[in-house]
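J.: Structure provided below as structure tokens; questions to follow.
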């Protein structure tokens, strides 16, 4: 999976202890899933949930969706066995909770290497404490196996002694620092969840804010929010049309020995072409995922 070119408009948390939800997730239009063994699972259900998740992954049926597994911390009784199970599964990545230092990432990387984890298994970091935000640059450069950062805004607001407001002013600095760290090191980054499922307008505004800040997509806690996240974080028709125009014009200019070109009065350089290609490629992958979902319906 690409670190930044894989569609990640909507990434749904799925409780690992809920077999029905695990199977249902294979039919949803989410770009990605986080099969959760941590916050969503009670202590007495942790071991059973691990088996549910591993069995569900082994059965397959997730299609082109990116499948991540959030494991319990290595400091808990379940963390190491969680990591061992995911290492040998066909999951796309493992999500480490409450990362506070690069040392934690390197520890997980070393364990996965030591047990010869499946090739291509990526590492994702939950950024959900004040220390994780302050150490975000260090964490983002800690491992070549690291694919992305995930903002854990609920825990962050709690630790900051702040207040949940629609404006999200209390975490704007943290959100921006996360985006800066991710982009500086070529990583993907996902926005935190919106907790009020009755606040449809607030959820859409949160998605639009995340898009404006530079996030690749939104983490979700309920399937009903998938369509809005998919719509907001997808390249618009206008964006795709403009990108195609930029790519074609630049190609023609290059053939004529020109390094820059004007498109509708706007100066286009190679950096604009790179972004145009990313947008077109993202649009094509989204179309492929939609077609696959339609074929399985």
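J.: Say whether the condition of being under 13 Å from the mean Cα position of the chain (by Cα) and within 19 Å of residue 3 (Cβ to Cβ) is met by at least one residue in segment 128-143.
T.: The answer is no, given that none of the residues of segment 128-143 is under 13 Å from the mean Cα position of the chain (by Cα) and within 19 Å of residue 3 (Cβ to Cβ).
J.: With (1) assigned to a loop (DSSP other than H, G, I, E, B); (2) over 14 Å from residue 47 (Cα atoms); (3) out of contact with any strand residue (DSSP E or B) (no Cβ under 6 Å at 6 or more places or on another chain); (4) at pLDDT 95 or above as the list, and residue 63 as the residue in question, which single condition is left unmet?
T.: (4)
J.: Considering only segment 92-104, I want to know if a residue exists there that is in the same structural domain as residue 175 (by TED's automatic domain parsing) and over 20 Å from the mean Cα position of the chain (by Cα).
T.: Yes, because at least one residue in segment 92-104 is in the same structural domain as residue 175 (by TED's automatic domain parsing) and over 20 Å from the mean Cα position of the chain (by Cα).
Condition check ((1) out of contact with any helix residue (DSSP H, G or I) (no Cβ under 6 Å at 6 or more places or on another chain); (2) without any contact (Cβ under 8 Å) to a residue 12 or more places away in the chain; (3) outside the structural domain of residue 153 (by TED's automatic domain parsing)) across all residues:
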| position | (1), (2), (3) |
| --- | --- |
| 207 | no, no, no |
| 247 | no, no, yes |
| 283 | no, no, yes |
| 290 | yes, no, yes |
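J.: Filter segment 142-160 down to the residues that are surrounded by 21 or more Cβ atoms within 10 Å (Cβ to Cβ) and free of Cβ contacts under 8 Å to residues at least 60 places away in the same chain, then identify the one that is farthest from residue 40 (Cα to Cα).
T.: Step by step, filter segment 142-160, then rank; the result is 142.
J.: Sort through 163, 226, 189 and tell me the only one that's in contact with a strand residue (DSSP E or B) (Cβ under 6 Å, 6 or more places away or on another chain) and surrounded by fewer than 23 Cβ atoms within 10 Å (Cβ to Cβ).
T.: Exactly one of 163, 226, 189 is in contact with a strand residue (DSSP E or B) (Cβ under 6 Å, 6 or more places away or on another chain) and surrounded by fewer than 23 Cβ atoms within 10 Å (Cβ to Cβ), namely 226.
J.: Can you confirm whether segment 192-203 contains a residue that is part of a helix (DSSP H, G or I) and either in contact (Cβ under 8 Å) with a residue 40 or more places away in the chain or within 15 Å of the chain's Cα centre (by Cα) (or both)?
T.: No, the conditions are met nowhere in segment 192-203.
The values are calculated or read from the model by the stated rules, or taken from the named source; none is laboratory data. The structure displayed is predicted, hence computed values, not measured ones. We place every Cβ from the backbone using ideal geometry, glycine too, and count neighbours over all the protein chains shown.
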